[in-house]
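Only one structure is covered here, and it is reproduced in the block below.
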Amino acid sequence: MNRDLPSSVAVCDGANSTQSNNTTNKYYALFLLTVVYSFNFIDRQLLAILQEAIKADLQLSDSQLGLLTGFSFALFYVIAGIPIARLADKYNRKNIISISLFVWSFMTAISGFVQNYTQLLLARIGVGVGEAGGSPPSHSIISDIFPPESRASALGFYSTGVNIGILFGFLLGGWLNEAFGWRTAFMVVGAPGILLAVIVGFTLREPIRGLSENRQTDDNQTSFKIVLSLLWSRNSFRHLALGSALTAFVSYGLVSWAASYMIRIHAMSTGELGTWLALIIGVGGAVGVFGGGVVADKLAKTDKRWYAWLPALVGLISLPFIISFCLADDKYTALYSMIIPSILANVYLGTVIATTHGLVGLRMRAMASAILFLILNIIGLGLGPWAIGALSDYLSETYQAESLRYSMLYILPIVSFWSVCHFYRAANNLRDDLLNAPN
């Protein structure tokens with residue numbers, strides 16, 4: 001292997017392509033991976049706008065809905081994520097992404113044929129297992145083709161897939177449900193991902209590991225235990241991971257239950273509501289997550305601690321708006337209150353993923369992402385929607401139809417402030433931990 005590859009070389013199998021072609025390949029890879037991530041969240045969040053219709057059809061409780069969107073999905077997502085990440089640190093990553101995309105899209109499509117809660121639960125588990133193979137290898141590829149000084153921006157752009165997916169999930173799900181029913185919505189949304197899986201398999205190129213940093217790696221693979229031990233020995237990572245997990249708890253809890261809350265409390269239709277949420281969470285959130293990565297990269301040129309300070313700052317700004325959303329008596333006040341938290345909700349993603357990759361070696365990056373997402377999804381995705389649903393059921397005797405409102409009010413602001421504390425503490429050791437990262 002050539003040890004002197006210039007950093008301008010991008011996603012290609014050889015070093016003889018022209019610089020312009022290499023740049024084109026690099027940005028094509030980023031764009032395509034972002035589209036794949038969008039499909040990840042279209043399929044994942046579609047259930048949020050459909051769950052009131054599913055609840056009525058299958059006679060489910062809020063706790064059961066919380067398990068569908070939260071813990072049962074997250075558990076299998078993170079269990080599958082570790083072995084898939086191990087494969088991605090050793091073998092061809094674009095093939096893993098293509099196969100995983102096919103699996104989760106197929107399982108989304110067949111969700112439209114289920115007849116009971118158990119069948120729907122199994123289908124959602126299948127979606128979770130498939131989606132586990134999306135992000136860790138994608139993160140690893142992006143870190144190989146973008147250098148450290150622009151990595152948070154690139155990963156921030158990739159993370160807009162969260163909000164693009166939520167946009168189309170709410171928009172398509174809301175109107176398809178009104179026109180054709182929730183079963184058709186699952187089938188229509190799941191099918192295009194199968195075609196995209198073929199496009200990924202034939203057009204995405206596998207990059208050379210360490211390319212953007214002019215570094216070479218050997219063929220030895222690092223175990224899960226070693227990567228976990230390295231990351232957990234870094235005080236900055238512990239607090240970044242916990243801060244991210246608690247922020248995800250709030251954002252997943254809000255996104256999973258916002259539609260049900262607006263339908264129950266403010267009597268909105270799924271079509272109108274889907275359009276509002278698509279614009280607020282989809283467009284607004286995409287601007288925030290990409291802008292967060294760009295701003296963090298610029299601020300970090302003066303002090304690396306901004307990779308932790310920025311998520312802490314935006315968390316504080318969001319707090320009063322979350323409270324306003326929960327207490328609003330008017331539907332438009334509630335919707336307007338969602339705008340700021342939605343824009344700022346995922347600012348942490350690009351900065352934390354990029355920082356995590358900066359703390360580990362080249363063949364540890366997919367596994368590092370899987371470990372970060374394990375912590376983030378067990379606490380955030382696993383507990384967030386379920387905790388709100390379970391507390392809503394508990395409060396139903398006291399507050400009746402208002403139980404969901406007070407469940408969100410009692411949980412979300414407290415957890416949001418807790419996340420701010422962890423991000424602030426992560427900054428204390430961040431510069432030293434980055435300097436002491438292994439080659």
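Values quoted throughout were computed directly from the atomic coordinates according to the rules given, and no laboratory measurement underlies them. This one's a predicted model, so the numbers in the text were calculated from it and none came from an experiment. As a convention, Cβ positions derive from the backbone with ideal geometry for all residues, glycine included, and neighbour counts pool all protein chains shown.
Which of Asn40, Asn163, Asn92 moves most in a GNM of the chain, Cα contacts under 10 Å?
Asn92
Could you line up Glu131, Glu52, Glu397 from fewest to most neighbouring Cβ atoms inside 10 Å?
Details: Glu131 28, Glu52 19, Glu397 8.
Arranged by neighbour count, lowest to highest, Glu131, Glu52, Glu397 become Glu397, Glu52, Glu131.
From the residues Asn163, Ser140, Gly130, which one has its Cα farthest along the dipole of the stretch 78-223 in the positive direction, the dipole being from +1 and -1 charges on Cβ of Lys/Arg and Asp/Glu about the Cα centre?
Gly130
For Leu327 and Asn428, what is the calculated FRET efficiency with R₀ set at 30 Å and r taken between the beta-carbons, to the nearest 0.05? Please list the in-between numbers first.
Details: r = 35 Å, r/R0 = 1.16.
Between Leu327 and Asn428 the formula returns 0.30.
On the Cα set of the stretch 310-378, report Rg and Dmax in Å, please.
Rg, Dmax (Cα atoms, Å): 16.3, 52.
Cα to Cα, under 18 Å, and not fewer than 8 places away if on the same chain: which lysines meet these conditions relative to Lys26?
Of all the lysines, those that pass the test against Lys26 - Cα under 18 Å, at least 8 places apart if same chain - are Lys94.
What is the diffusion coefficient of the stretch 101-176 in µm²/s, taking the Kirkwood radius over Cα pairs and the Stokes-Einstein relation at 25 °C with a viscosity of 0.890 mPa s? Write down the numbers at each step before the final one.
Values: Rh = 14.4 Å.
Once the numbers are plugged in, D ends up at 170 µm²/s.
Using the number of other C-beta atoms within 10 angstrom as an exposure proxy, rank Tyr77, Tyr37 with the fewest first. Could you put the intermediate results ahead of the total?
Details: Tyr77 27, Tyr37 23.
Arranged by neighbour count, lowest to highest, Tyr77, Tyr37 become Tyr37, Tyr77.
For the stretch 69-219, compute Rg over Rh where Rg is the Cα radius of gyration and Rh is the Kirkwood radius from the inverse mean 1/r over Cα pairs.
Numbers: Rg = 17.1 Å, Rh = 16.7 Å.
My calculation puts Rg/Rh at 1.02.
Compute the length gained on full extension between Asn235 and Asn92: take 0.36 nm times their separation in residues and subtract their Cα-Cα distance, giving the result in nm to one decimal. List each step's numbers first, then the result.
Numbers: separation 143, 0.36 × 143 = 51.48 nm, distance 3.20 nm.
Contour length minus Cα-Cα distance gives 48.3 nm.
Relative contact order for the chain: what is it in percent, counting Cα pairs under 8 Å that are at least 6 residues apart? Spell out each step's value before the answer.
Details: 844 pairs, mean separation 114.9, N = 439.
With pairs under 8 Å counted, the relative contact order is 26 percent.
Using the count of nearby Cβ atoms within 10 Å as a rough guide to exposure, how do His139, His239 rank from fewest to most? All intermediate terms of the calculation are to be shown ahead of the outcome.
Numbers: His139 29, His239 21.
So the residues, fewest neighbours to most, are His239, His139.
Could you give the DSSP H helices of the chain that reach 27 angstrom or more along their long axis (alpha carbon positions) and whose average Kyte-Doolittle hydropathy is no lower than 0.0? Display every interim value, and only then the final one.
Working: long enough: 19-58 (57 Å, 0.23); 148-180 (47 Å, 0.64); 182-203 (33 Å, 1.67); 235-266 (44 Å, 0.66); 306-327 (32 Å, 1.82); 403-435 (49 Å, 0.41).
Passing helices, by number: 19-58, 148-180, 182-203, 235-266, 306-327, 403-435.
Among the aspartates and glutamates, which fall within straight-line cross-link reach of Lys225, defined as a Cα-Cα distance under 12 Å, with same-chain neighbours fewer than 8 residues apart omitted?
Leaving aside aspartates and glutamates fewer than 8 places away in the same chain, none come within reach of Lys225.
Considering the chain as a Gaussian network with a 10 Å cut-off on Cα pairs, which listed residue, Lys301, Lys26, Lys90, attains the greatest mean-square fluctuation?
Lys301
Looking at the stretch 268-393, what % of the alpha carbon pairs are farther apart than 22 Å? Walk me through the numbers before you get to the answer.
Numbers: 3823 of 7875 pairs.
In whole percent, the long-distance tail amounts to 49.
In terms of Cα to Cα distance under 26 Å, which lysines are near enough to Lys331, apart from those fewer than 8 places away along the same chain?
Lys55
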